[in-house]
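Visitor: Sharing a structure below in structure tokens format, with a few things to ask.
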Amino acid sequence: MKNYDHKKIEKKWQSRWEKESAYRADDVSEKPKDYLMIEFPYPSGEGLHVGHVRSWTALDVLARKRRAQGYNVLYPIGWDAFGLPTENYALKTGRDPRIVTKENTDNFRRQIKSLGLSFDWSREINTTDSSYYKWTQWLFLQFFKKGLTYKAKTLINWCPKDKIGLANEEVVDGCCERCGTPVEKREKEQWMMAITKYAQRLYDDLDTVDYIERAKTEQRNWIGPSDGAEISFSLSWQRPRMRIVFATNNLGKLKRMRKLFEEGHIDIELLMPKDIGIERFDVSEDARTLEENSEKKARALAALTDLPVFADDSGFFIDGEMIDPIAVKRNALAGDDEKSLSIEEIGGRMQSYYADIARKRGGKVDAEWRNNLCFITPGKVATHIETTRPVILTSESHGAVDPYLPLRGLYISKATGKYVLEQTDAEESLELGPITDGLKKLFMQSLTVFTTRPDTLFGATYMVLAPEHPLVSMLANEFDNKDEVIAYQTAARNKSDIDRTAEGKEKTGVELKGIKAINPANKKEIPIFIADYVLGSYGTGAIMAVPAHDERDGAFAKKYGLPIIQSVTPDMSAFEKTEKVLTALDTIYEAAKKKDIKFWVLGGLACAFYAKIIYREFEDIDLITKDDNSYQKLLTLFGELGFHKVAEKKISENLTNSILKNDEGIEIDIGPYIREFDCQDDDFEEQEKSLNHHTALVLSQRFVKKFKEQQLKNRGKDKDKIDWEYLNDKFFVDDGFLVNSGTLSGLPSDEAKKMITEFVGGKMVTTFKLRDWVFSRQRYWGEPIPMIHCERCGWQPVPEDQLPVTLPEVEKYEPTETGESPLANITKWVNTKCPKCGGDAKRETDVMPNWAGSSWYYLRYIDPQNTHEFASPDLMKYWTPVNWYNGGMEHTVLHLLYSRFWHKFLFDQGLVPSPEPYMKRTSHGLILAEDGSKMSKSKGNSVSPDALVESVGADSLRLYEMFIGPFDQPVAWNNNGVVGMRRFLERVADIKADNVTKLEPPLETLLHQTIKKVSDDIEKLKMNTAVSALMILLNEYEKLDSVSSEAYETFLKLLAPFAPHLTHELWEKSGHPTELRLEPWPVADETKSKGTTAHIAIQINGKTRGEIDAAIDSDKSTLENLAHEAVVEKLDGKTVSRVIIVPNRLVNFVVVED
RNA sequence: GGGCGAGUGGCGGAAUUGGUAUACGCGCCAGCCUUAGGAGCUGGUCCCGCAAGGGUUGGGAGUUCGAGUCUCCCCUCGCCCACCA
């Protein structure tokens, strides 16, 4: 058959298989199950890509082979049809995405079916069907119920072009992954999923699954755990004790608030307006809300004082119901002018008004006005006065008032346990804990950092906060340089990520003036900066900066002239020297500073050491003494730098005085410093004695400054010259031994980490890079998030029996200008009733991200038509987990991680039977265009499967894609290659077989070797070599006039998974009544595959010099004799010293020349 | 900058895991068939050499009877992450 009619054959078998439901998986079966899955496609308008064909054919080959091996194979297909391209297309054309999706899936289905892929079409699913997304929504609600979804106002990545919030994962190099527009930061309320709660397990359980290593590595990097410590730094204001005024004259409230302060160890004096002589600060106009009222009160008070005002809230809850403050007051005043009444009078009237309410409700007032006010209602729990917002700090004297701003950070998010900017969840109540904690933060008792290097704590010379750190916002008004701070903060916020990184690592920052931190290790006061090289989203948003041992901190410290103190050294020998000298220098320097003197004096050995250290900046010398040449050199050098005087006598007051007079005329008493220093160290003292004299260098501050400049210039010139890494640009960032670390000096880093952390009361923690998943999209074409917002009850889930919340049809697909979903414009849909209280409420208008529907689809395949649960537990028990999941490398981080997260959560709820969704994961390589560039329709270099199916047939296309190269590697397309496969198949069709020809070695051997090779290779997805083995076999067949029918039929069976149509046709043609696909998979016969003869290589000194054929498994001496005979001339004149024999493979003569 | 991976003909790539390097396919060359054409057939195709023979897996060293494969150094390319404390 020179040319076989692929169109006819392929059509015939495809319709036959469809009619027979040939590839339907049985839910009830005696056979072992095998669940194979490919990533369900996004049905784009472009149609099928040859990349799809590669992945799906590979698993199709596997599926067909395993069916033949007796497995009950589930190989399903579906559509991941929500998504931006369809929505953008709808935007452009105004067409309904439902219709577009239908067209696209129809086209995909037709294309897939033309390839003969053995999918189980009876389980076809579509994420955009409401019968599917009903369960996506249901699953979302399970997360909500367990507190794993929450709404948070956060800075999100905002793509100004797509008008859509992006997950961190969708931002590539600071640009939108889809359209490449630089991403902006925007504040937005978003649904979040607390994937971080599962970070540790998602990380650990990677050890239990069989994923390609690269996928595991990438997931591990993404989760990014690092072990370290959280350490608190005490803070101190450099200002007198803060006094603030409480905007109420209600003593009870004041007392309670004072108690809160006490409990929180907040050292603030809380005053009543009376205490500062303000009797009344009435609000002239009515406020409409509680907040407004309290703000107005605070403002009124703030206008009368320069002190910060701590605003009271004047509303009350009774039995959980808020009493309108305006109404209370109006009733209390009863038409009288507020100003004409005394505070007490108003209070009294209000009390009776409350008593009135209480009476009406069948309760009574059970507390003293001004002390505590309680209403008791029969049968109900007493509710004491609560405020909706406990405190508001404001201060007119500090400019613009945002009354709520200072309190941001006081709320604890139930989902994350972290402070959030706004109270967003109705369930979050105002407990004492959060308030005192918040106040503690507010008034700066401590600041917690995360560090992986607690061992370097003694070298922490400053702290850095992220610009968005809550503390900065809370206290923005309190810094001495508040304008600068606020400006920096604003600039950082407006910077897109691309700006933040594009500036080429040049670090910027601003010191928070008026506040200092205390290094808990050495009790030294250190400055605090804000800088955008610290990320608010990682760790605690604050760091201790150790410039000597962290490159970033080092760069920052250099730029801003901050002290650099080494606290770790790579080797112990360096330790002794540096430790002593640094301590000595420090002591003297500190002492000199205290005395406010401009000179310092070093004498004796200290001088020598210091000089040595200094001098090493210029030239390496071992020791300086007064007689030493290098010492003279040093003096000369110092002289050049402007050094004024060198004394070479035992230091005395006289001498000192005279020296100093000669310089700038300031006298100091150096004696005590020298003595203090000398006595400090035994070694020094001893050596001092032996030297028996002092050599003194007198350095002026001016000189020191100059010297430091010089030192800066020389940094990095000769890196190996100095073992003090921090003097160079290259910082010593590894573990080593501690120096300058008090009693811990000398300890190795790893030991010191725990010790220091315990020593300063910190705790060891693991921090992850992984962040919570932004789950909201302000878009149309996605699953509506099934939540309802009620003014009274907060966020309420849509009751499960009301699912699905179907996506309504809209006229316009554009997001609103404010970035809300187009759904927000459909008031009829948006307005609904609160499921809890029945009052007016609004639907969430955001939709879910694309990853939602794909996070659980493998479960739906198991039971796609189930109307009362997402899948039957029994069926899940049979089918899960997925045995083998193949997909693109680009999905190994996001999709796979999200999917594992959902699955683990479901496992915890007892909803799925296994902890991991996928047992094995492989990834196919990309198919590139012929020129090696990425294939795309716009470039016009893409290959259409349709055209190839038409011209050479699906079998040739399948075969080529399997043969094209290693499955996991990217490969370039080559159209001629397809033709080669077509040629191969035509030759297959031409093979003649009969029942007379015998199957015997060597062909029999090769056949069995091929069975083994093809079987093994398919399991390893080494499809290219499997096909190659079949070609080799065919080449042998063609050398014969005719082959035995056994050989022929086995060949067809082996080729069937790759080229199902042609092989089925040929099988039928050779007279079989049943289909080839029902035949069992051939099994290689070990003895037959061994053959009868072996080809033996003969080597001399490892180089091949000949070859022989020998009977298989010949013994060694036979082989040696045969081999010797074969190369006897080449061994002539040489002595064989050794013979190495590898049975059935080679004989190697080791010879020595004569 | 950090992590991972890879370098073999004109091209895609193979090599039983330390044992005859360049299988299989594409392309190319020659011949055949053909009015012609090539998606047909036959043969050839790593390099030097007429040959005998010799050399060759990015470069350099090492271990070994024997290295594409293992070790070290260097070079080049690809992917992922990227101020993660």
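The values are calculated or read from the model by the stated rules, or taken from the named source; none is laboratory data. Values in this document were obtained by computation on a predicted structure and should not be read as measured data. Because the Cβ atoms are built from the backbone with ideal geometry, glycine has one as well, and the counts that use them run over all protein chains shown.
Visitor: Does region A:940-951 contain at least one residue that is within 21 Å of A:Ile38 (Cβ to Cβ), surrounded by fewer than 22 Cβ atoms within 10 Å (Cβ to Cβ) and of a type in the set (Asp, Glu)?
Guide: yes
Visitor: Does any residue of region A:1063-1072 turn out to be over 21 Å from A:Gln69 (Cα atoms), within 13 Å of RNA strand B (Cβ to nearest atom) and assigned to a loop (DSSP other than H, G, I, E, B)?
Guide: no
Visitor: Among all residue pairs at least 6 apart or on different chains, which show Cβ distances below 7 Å where the first residue, located in region A:1130-1143, is within 16 Å of A:Lys1103 (Cα to Cα) and the second is within 8 Å of RNA strand B (Cβ to nearest atom) and among the basic types (Lys, Arg)?
Guide: A:Lys1130/A:Arg1105
Visitor: On to the next question. Restricting attention to region A:1001-1046, which residues are basic (Lys, Arg) and under 26 Å from A:Arg66 (Cα atoms)?
Guide: Going residue by residue through region A:1001-1046, those that are basic (Lys, Arg) are A:1012-1013, A:1020, A:1022, A:1039.
Scanning region A:1001-1046 gives A:Lys1012, A:Lys1013, A:Lys1020, A:Lys1022.
Visitor: Six or more apart or on different chains, Cβ under 7 Å: which pairs go from a residue in region A:1033-1062 that's β-branched (Val, Ile, Thr) to one that's within 16 Å of RNA strand B (Cβ to nearest atom)? Could you list them?
Guide: So the pair list comes out as A:Val1043/A:Ile991; A:Val1043/A:Tyr1037; A:Thr1050/A:Leu1007; A:Thr1050/A:Ile1011.
Visitor: While we're here: So how many residues does region A:549-563 have that are under 12 Å from A:Phe732 (Cα atoms) and at pLDDT below 85?
Guide: Of the residues in region A:549-563, 1 are under 12 Å from A:Phe732 (Cα atoms) and at pLDDT below 85.
Visitor: Please determine, by comparing only the residues of region A:508-521 that are touching a residue at least 60 places away in the same chain (Cβ under 8 Å) and more than 19 Å from A:Glu230 (Cβ to Cβ), which one is surrounded by the fewest Cβ atoms within 10 Å (Cβ to Cβ). If you could, list the steps in order and put the result at the bottom.
Guide: Residues of region A:508-521 that are touching a residue at least 60 places away in the same chain (Cβ under 8 Å), as a first pass: A:514-521.
If we keep only those that are more than 19 Å from A:Glu230 (Cβ to Cβ) as well, we get A:514-516.
Numbers: A:Gly514: 16, A:Ile515: 21, A:Lys516: 20.
Once the filter is applied, the top-ranked residue is A:Gly514.
Visitor: Still on this structure, I have one more. Tally the residues that are in contact with a Gly (Cβ under 8 Å, 6 or more places away or on another chain), of a type in the set (Lys, Arg) and part of a loop (DSSP other than H, G, I, E, B), restricting the search to region A:797-850.
Guide: Result for region A:797-850: 0.
Visitor: Right, here's the next one. Checking A:Ile927 against (1) more than 16 Å from RNA strand B (Cβ to nearest atom); (2) buried (at least 22 other Cβ atoms within 10 Å of the Cβ), which single condition isn't satisfied?
Guide: Checking A:Ile927 against (1) more than 16 Å from RNA strand B (Cβ to nearest atom); (2) buried (at least 22 other Cβ atoms within 10 Å of the Cβ), the one that fails is (1).
Visitor: Now for a separate question. For region A:503-516, name all the residues that are within 15 Å of RNA strand B (Cβ to nearest atom) and of a type in the set (A, V, I, L, M). Walk me through it before giving the result.
Guide: To start, the set of residues in region A:503-516 that are within 15 Å of RNA strand B (Cβ to nearest atom) comprises A:503-510.
A:Val510 - this is the single residue of region A:503-516 that is within 15 Å of RNA strand B (Cβ to nearest atom) and of a type in the set (A, V, I, L, M).
Visitor: Additional query: Take the residues in region A:70-92 that are of a type in the set (Ser, Thr, Tyr) and over 30 Å from the mean Cα position of the chain (by Cα), then tell me which one is farthest from A:Asp106 (Cα to Cα).
Guide: If we take residues in region A:70-92 being of a type in the set (Ser, Thr, Tyr) and over 30 Å from the mean Cα position of the chain (by Cα), then A:Tyr71 is farthest from A:Asp106 (Cα to Cα).
Visitor: Let me ask something else about it. Go through region A:541-562 and give me each residue that's surrounded by 21 or more Cβ atoms within 10 Å (Cβ to Cβ) and within 12 Å of RNA strand B (Cβ to nearest atom).
Guide: Step one: of region A:541-562, the residues surrounded by 21 or more Cβ atoms within 10 Å (Cβ to Cβ) are A:541-550, A:553-554, A:556-557.
A:Gly541, A:Ala542, A:Ile543, A:Met544, A:Ala545, A:Val546, A:Pro547, A:His549, A:Asp550, A:Asp553, A:Gly554, A:Phe556, listed by residue number.
Visitor: Counting just the residues of region A:1026-1074 that are in contact with a helix residue (DSSP H, G or I) (Cβ under 8 Å, 6 or more places away or on another chain) and of a type in the set (Gly, Ala, Ser), which one comes out surrounded by the fewest Cβ atoms within 10 Å (Cβ to Cβ)?
Guide: Among those residues, the one meeting the criterion is A:Ser1070.
Visitor: If I filter region A:892-899 for residues that are away from RNA strand B (no atom under 16 Å from the Cβ), closer than 17 Å to A:Asp205 by Cα, in contact with a Pro (Cβ under 8 Å, 6 or more places away or on another chain) and not in a helix (DSSP H, G or I), do I get at least one hit? Lay out the reasoning, then the answer.
Guide: So in region A:892-899, the residues away from RNA strand B (no atom under 16 Å from the Cβ) come out as A:899.
Next cut, closer than 17 Å to A:Asp205 by Cα only: A:899.
The next check asks that each one be in contact with a Pro (Cβ under 8 Å, 6 or more places away or on another chain); those that pass are A:899.
Now narrow it down to the ones that are not in a helix (DSSP H, G or I): none.
The answer is no; no qualifying residue exists.
Visitor: Among the residues of region A:772-793, is any assigned to a strand (DSSP E or B), surrounded by fewer than 14 Cβ atoms within 10 Å (Cβ to Cβ) and modelled with pLDDT of 70 or more? Give the derivation first.
Guide: Filtering region A:772-793 down to residues assigned to a strand (DSSP E or B) leaves A:773-774, A:777, A:784, A:787-790.
Applying the additional criterion that residues be surrounded by fewer than 14 Cβ atoms within 10 Å (Cβ to Cβ) yields none.
Looking for residues that are assigned to a strand (DSSP E or B), surrounded by fewer than 14 Cβ atoms within 10 Å (Cβ to Cβ) and modelled with pLDDT of 70 or more, one finds none in region A:772-793, hence no.
Visitor: Out of all the residues in region A:329-349, which are among the aliphatic types (A, V, I, L, M) and at pLDDT 70 or above?
Guide: A:Ala332, A:Leu333, A:Ala334, A:Leu341, A:Ile346
Visitor: Any idea how many residues of region A:1122-1143 are of a type in the set (A, V, I, L, M, F, W, C) and under 60 Å from the mean Cα position of the chain (by Cα)? Give the derivation first.
Guide: Going through region A:1122-1143, the residues of a type in the set (A, V, I, L, M, F, W, C) turn out to be A:1122-1123, A:1126-1128, A:1131, A:1136, A:1139-1142.
Pick out the ones that are also under 60 Å from the mean Cα position of the chain (by Cα) and you get A:1139-1142.
Residues in region A:1122-1143 being of a type in the set (A, V, I, L, M, F, W, C) and under 60 Å from the mean Cα position of the chain (by Cα): 4 in total.
Visitor: Against the conditions (1) away from RNA strand B (no atom under 13 Å from the Cβ); (2) at pLDDT 85 or above; (3) under 26 Å from A:Ile565 (Cβ atoms); (4) under 29 Å from the mean Cα position of the chain (by Cα), where does A:Gln489 fall short? Just the number, please.
Guide: (3)
This table checks each residue for (1) in contact (Cβ under 8 Å) with a residue 12 or more places away in the chain; (2) more than 22 Å from A:Gln14 (Cα to Cα); (3) part of a helix (DSSP H, G or I).
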{"site": "A:Arg64", "(1), (2), (3)": "yes, no, yes"}
{"site": "A:Thr86", "(1), (2), (3)": "yes, yes, yes"}
{"site": "A:Ala90", "(1), (2), (3)": "yes, yes, yes"}
{"site": "A:Ile99", "(1), (2), (3)": "no, yes, yes"}
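Visitor: Among the candidates A:Val996, A:Val988, single out the residue that is more than 8 Å from RNA strand B (Cβ to nearest atom), under 21 Å from A:Lys1069 (Cα atoms) and surrounded by 19 or more Cβ atoms within 10 Å (Cβ to Cβ). Full working, then the answer.
Guide: Values: A:Val996 fails: surrounded by 19 or more Cβ atoms within 10 Å (Cβ to Cβ).
Testing whether each residue is more than 8 Å from RNA strand B (Cβ to nearest atom), under 21 Å from A:Lys1069 (Cα atoms) and surrounded by 19 or more Cβ atoms within 10 Å (Cβ to Cβ) leaves just A:Val988.
Visitor: Given the structure, is A:Val61 over 25 Å from A:Phe870 (Cβ atoms), hydrophobic (A, V, I, L, M, F, W, C), modelled with pLDDT of 95 or more and crowded, with 20+ Cβ neighbours inside 10 Å? Give the steps one after another, and end with the answer.
Guide: Values: over 25 Å from A:Phe870 (Cβ atoms): yes; hydrophobic (A, V, I, L, M, F, W, C): yes; modelled with pLDDT of 95 or more: yes; crowded, with 20+ Cβ neighbours inside 10 Å: yes.
The answer is yes for A:Val61.
Visitor: Something else now. Being within 11 Å of RNA strand B (Cβ to nearest atom) and among the hydrophobic types (A, V, I, L, M, F, W, C) is the filter here, so list the residues in region A:1088-1118 that pass it.
Guide: Within region A:1088-1118, A:Ala1094, A:Ile1096, A:Ala1097, A:Ile1098, A:Ile1100, A:Ile1108, A:Ala1110 qualify.
Visitor: Taking region A:1102-1119, which residues are under 18 Å from A:Ser1137 (Cα atoms) and assigned to a strand (DSSP E or B)?
Guide: Once the filter is applied, which keeps residues that are under 18 Å from A:Ser1137 (Cα atoms) and assigned to a strand (DSSP E or B), region A:1102-1119 yields A:Lys1103, A:Thr1104, A:Arg1105.
Visitor: I've got another one for you. List every residue pair whose Cβ atoms lie under 6 Å apart, where the two residues are 6 or more positions apart in sequence or sit on different chains, the first residue falls within region A:947-974 and is closer than 30 Å to A:Ala215 by Cβ, and the second residue, located anywhere, is more than 10 Å from RNA strand B (Cβ to nearest atom) and basic (Lys, Arg).
Guide: Within 6 Å, the pairs are A:Glu961/A:Arg54.
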